[in-house]
Structure formats: structure tokens, C-alpha cells
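**Student:** There's a structure below that I have some questions on.
The values are calculated or read from the model by the stated rules, or taken from the named source; none is laboratory data. All values derive from a computational prediction rather than experimental measurement. Ideal geometry is used to build each Cβ from the backbone, glycine not excepted, and the neighbour counts take in all protein chains shown. Keep in mind that these areas ignore ligands, DNA and RNA; they rest on the heavy atoms of the full protein, side chains included. Shrake-Rupley method; radii C 1.70, N 1.55, O 1.52, S 1.80 Å.
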Amino acid sequence: MIEIRKIESSRLPSTDFSALEFGKAFSDHMLICEFKNGQWGQATILPYQDLNYPLSLHALHYGQAAFEGMKAYRQIDGGIALFRPEMNYERLNRSAVRLAMPEVPKEVFMEGLKSLIDIDREWVPKEEGMSLYIRPFLFSSSSFIAARPSESYTFAIITSPVGPYYTGNVKVKIEEQYTRSAAGGIGFTKAAGNYGGAFYPTRKAVEKGYTQIIWTDHKDHRLIEESGTMNIMFRIGGTMRTPPLSERILAGITRDSILTLLRSWGEIVEERPITVDEVVYAAENNYLEEAFGMGTAAVVSPISTIGFRERDFEVPNSSEGIAMKIKNALNEIRTGKVADKNGWMLRL
Ligand code: COI
């Protein structure tokens, strides 16, 4: 059972939904559950607030921390539904295992999540294209700085009403110096450090006029891996191509859903290693038809330019393209406009 302490007066009336920056406004409540002395305690929903932690907080020193990203959608009949939340639950626990953290019990995650969104249901935006971004996370919360796994952990969920993530043209640079992840590493997890480690190379790309990076493999930078914080897909000569999952690549839930949709539409879909050379060759010879990122925050983010070694290749990026078809199809499923044939939506 989840313990619930409600806020006295909602911050909703003072929140301007028309001027939301991604992840800056937070709803009225949050969920906390602490792991101490080898066991999980009571999960509690309480008013969104600052918590008091010492500077010896383990997570600040060793980064034993992982997060998830998911969304709740307003349905056309006014109801609310979550998109494939069990996939996030399973992935969080895969991250937990790799980072030597205790797995979160399913009941805490699923029941806590449903109760939290239900209590803050008015925070799920009604406007087209908007949703409630949900951020479950797990971090080490012992107060010691010995370099060994923490003894205490905190699982929390906070939520944030959001509009579109990336806006404008997405210009990406194929990265040949820095690496997001390596074999044997933590690339398949949503470890906090995977994102922290990406900020510096991304900033260098931004200084050169790009929006994001296309990550390549750690060995010789010949294989395409991900794009920014997203999985990546290309349409080359009529075929949809995305790199296969590996210990270096995050198992995106949006990626998995898009592959399912594409196959149901009869598209030719290949999950196989994609070389930088084949993408550049296709771009040079005008059969790179589309390229886009796939992730929870942005859903589908069409790429308009790919930069490689001082050359920029324009990528066709039309509103009639497959990226937009996918985005619209996912949106229709998520808002209840079309039947949810795959059983992806969990209605509250
Ligand atoms: C996602 O889109 O799945 C993300 O993880 C983005 C998040 C880092 C804001």
C-alpha cells in the first residue's frame, strides 16, 4: 500500500502551460521509497519538495544513479493513459543490477506510479502535442565516501508537464573523437553518468553549429550507434535501418514501438550494424531518404543535416515522410484516437 500525504493548495493555477520549458515545472506531488538495512520501506506520495541530504551523499561522489523517462497522455475522452510503463520498470531494474543497486519492487513502481499520476491527474495537459513527462529514478543515498556500493538507496518519481522536446532543424555531427559507451560498459543502462559524460562532446558540437551528436562505436568510430539521447533510424533506398541492440545501446521503448509499427505496415526493417560509410555514401548519392532520432522525450526527431568531417549533407525531411507518419501514428495510439492493437496503453 502506498501512503499518501496530499498538498494543501495546488500550484496548478500559477503554472502557465503555454510557456513550459522541458522539465522545469513540476506537478504537486512526488513519490519516495527508501531502501535501508537491506530492505525497501514504505512508499509515500507527498507534496513535491526539496529533501535534505548531506554533502557526503554517495550518489554525488560515485554516480550510483539511474533514471527512466516515460509519459502520461490525455485521452480524447478526457481520461489518462500511460505508455508501456512495465517496459520502464524492467529497464530501471536492468540499470539497477548493472550499477549494483537493489531492484525496485514491482508493486512500489507500478502502484506508486499509478497513484501518483492519479493524484496529479489535472497536471496531464489537455493541449495537443503535450503530455506529462514522468521521471522515475534511483540513487545511492548513504552518507559515506568510501568507494564501494552504497548501503541505502532512494527510489523517487517526479513528474513534469511538457510540450515538444527539440524544436527547429536538427543538425547532427558524426562524432569521431568521443564515445558514449564501450563494450563491457554501461551504455545499455540509463545511468546518470551516461548523460553527464555526453554533455562536453555535445557542447563542442553545438559550438560548431550542430544541435546534437551521432555517436559512433568506441573502437574505430566506423559504426553508427545512437543520436544524442536517442536511438537512431535511417531510411536508405526504401529500407528502414537501425543499429541492433547491444550492451552499448539503450533498449529504447520508443525504438521498440516504432519497429513494431513499421513491421505491421509492411516496411522492410533491418536491425543490423550500420556503418558511417554507408550513410555518407547514401547521402552523397541521394538515396539517404530520411534520418531521425527516437526517444521518449522527443518521440521522433527528424534530422535535417548530417555533418561529417567538415562536410554537411542535407537530409530530406518532409511532412509526408515516414518519420512524421510514425509520430502521428504513435500520437493517435497514445491519445486513444485509434485502437491500441498492441495493448501498449495502461489506462488509469
Ligand atoms: C529520452 O528521450 O528517452 C531521454 O532519455 C531524454 C531525456 C534525457 C530528457
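**Student:** Kindly provide the set of residues from the stretch 59-77 that are open to solvent by 40 Å² or more (accessible area, probe 1.4 Å) and touching a Lys or Arg at 6+ places or on another chain (Cβ under 8 Å), ordered by number. Working first, answer last.
**Tutor:** Looking only at the stretch 59-77, we keep the residues that are open to solvent by 40 Å² or more (accessible area, probe 1.4 Å), and these are 60-62, 76-77.
Answer for the stretch 59-77, where residues must be open to solvent by 40 Å² or more (accessible area, probe 1.4 Å) and touching a Lys or Arg at 6+ places or on another chain (Cβ under 8 Å): just I76.
**Student:** Would you confirm, using the coordinates I've provided, whether G193 is open to solvent by less than 60 Å² (accessible area, probe 1.4 Å) and within 16 Å of the ligand (Cβ to nearest atom)?
**Tutor:** On the way: open to solvent by less than 60 Å² (accessible area, probe 1.4 Å): yes; within 16 Å of the ligand (Cβ to nearest atom): yes.
Criteria met by G193.
**Student:** (1) modelled with pLDDT under 95; (2) within 24 Å of the chain's Cα centre (by Cα): which one isn't true of R347, the others all being true?
**Tutor:** Here R347 clears every test but (1).
**Student:** Same structure, new question: Can you pull out the residues in the stretch 243-272 that are buried (at least 16 other Cβ atoms within 10 Å of the Cβ) and β-branched (V, I, T)?
**Tutor:** I249, I253, T254, I258, V269 - these are the residues of the stretch 243-272 that are buried (at least 16 other Cβ atoms within 10 Å of the Cβ) and β-branched (V, I, T).
**Student:** Taking E247, is it touching a helix residue (DSSP H, G or I) at 6+ places or on another chain (Cβ under 6 Å), more than 16 Å from the ligand (Cβ to nearest atom) and under 23 Å from T202 (Cβ atoms)? Steps first, please.
**Tutor:** Working: touching a helix residue (DSSP H, G or I) at 6+ places or on another chain (Cβ under 6 Å): no; more than 16 Å from the ligand (Cβ to nearest atom): yes; under 23 Å from T202 (Cβ atoms): yes.
Criteria not met by E247.
**Student:** Could you tell me whether P102 is within 16 Å of the ligand (Cβ to nearest atom), of a type outside the set (D, E, K, R) and crowded, with 18+ Cβ neighbours inside 10 Å?
**Tutor:** Values: within 16 Å of the ligand (Cβ to nearest atom): no; of a type outside the set (D, E, K, R): yes; crowded, with 18+ Cβ neighbours inside 10 Å: yes.
Considered against the rule, which asks whether it is within 16 Å of the ligand (Cβ to nearest atom), of a type outside the set (D, E, K, R) and crowded, with 18+ Cβ neighbours inside 10 Å, P102 comes out as no.
**Student:** Checking the conditions here, which among E270, E310 is over 23 Å from K190 (Cα atoms), modelled with pLDDT of 95 or more and either within 16 Å of the ligand (Cβ to nearest atom) or charged (D, E, K, R) (or both)?
**Tutor:** Details: E310 fails: modelled with pLDDT of 95 or more.
So the residue among E270, E310 that is over 23 Å from K190 (Cα atoms), modelled with pLDDT of 95 or more and either within 16 Å of the ligand (Cβ to nearest atom) or charged (D, E, K, R) (or both) is E270.
**Student:** Kindly indicate whether G193 is small (G, A, S), free of Cβ contacts under 8 Å to residues at least 40 places away in the same chain and in a helix (DSSP H, G or I).
**Tutor:** Details: small (G, A, S): yes; free of Cβ contacts under 8 Å to residues at least 40 places away in the same chain: no; in a helix (DSSP H, G or I): yes.
The answer is no for G193.
**Student:** Listed residues K36, K24; which is open to solvent by 60 Å² or more (accessible area, probe 1.4 Å), touching a residue at least 12 places away in the same chain (Cβ under 8 Å) and either in contact with a helix residue (DSSP H, G or I) (Cβ under 7 Å, 6 or more places away or on another chain) or within 16 Å of the ligand (Cβ to nearest atom) (or both)?
**Tutor:** Only one candidate passes the filter, namely K24.
**Student:** Moving to a separate point now. I'm trying to understand the selection: among the residues of the stretch 63-106, which are of a type in the set (D, E), assigned to a helix (DSSP H, G or I) and out of contact with any strand residue (DSSP E or B) (no Cβ under 9 Å at 6 or more places or on another chain)? Show your work before the answer.
**Tutor:** Within the stretch 63-106, the first condition is being of a type in the set (D, E), and the residues that meet it are 68, 77, 86, 90, 103.
So of that shortlist, the ones also assigned to a helix (DSSP H, G or I) come out as 86, 90.
Hit for the stretch 63-106 is E90, nothing else.
**Student:** Still on this structure, I have one more. Condition first: closer than 19 Å to V299 by Cβ, in a helix (DSSP H, G or I) and within 19 Å of the chain's Cα centre (by Cα). Can you find one or more residues in the stretch 172-183 that meet it?
**Tutor:** Initial filter on the stretch 172-183 (closer than 19 Å to V299 by Cβ): 172.
Cutting the leftovers down to in a helix (DSSP H, G or I) gives us none.
Among the residues of the stretch 172-183, not one is closer than 19 Å to V299 by Cβ, in a helix (DSSP H, G or I) and within 19 Å of the chain's Cα centre (by Cα), which makes the answer no.
**Student:** Related question: Can you confirm whether the stretch 174-190 contains a residue that is open to solvent by 10 Å² or more (accessible area, probe 1.4 Å), within 16 Å of the ligand (Cβ to nearest atom), closer than 26 Å to E128 by Cα and outside the structural domain of I134 (by TED's automatic domain parsing)? Explain how you work it out, then say what you get.
**Tutor:** Step one: of the stretch 174-190, the residues open to solvent by 10 Å² or more (accessible area, probe 1.4 Å) are 176-186, 188, 190.
The next check asks that each one be within 16 Å of the ligand (Cβ to nearest atom); those that pass are 180-181, 186, 188, 190.
Restricting the remaining residues to those that are closer than 26 Å to E128 by Cα gives none.
No, the conditions are met nowhere in the stretch 174-190.
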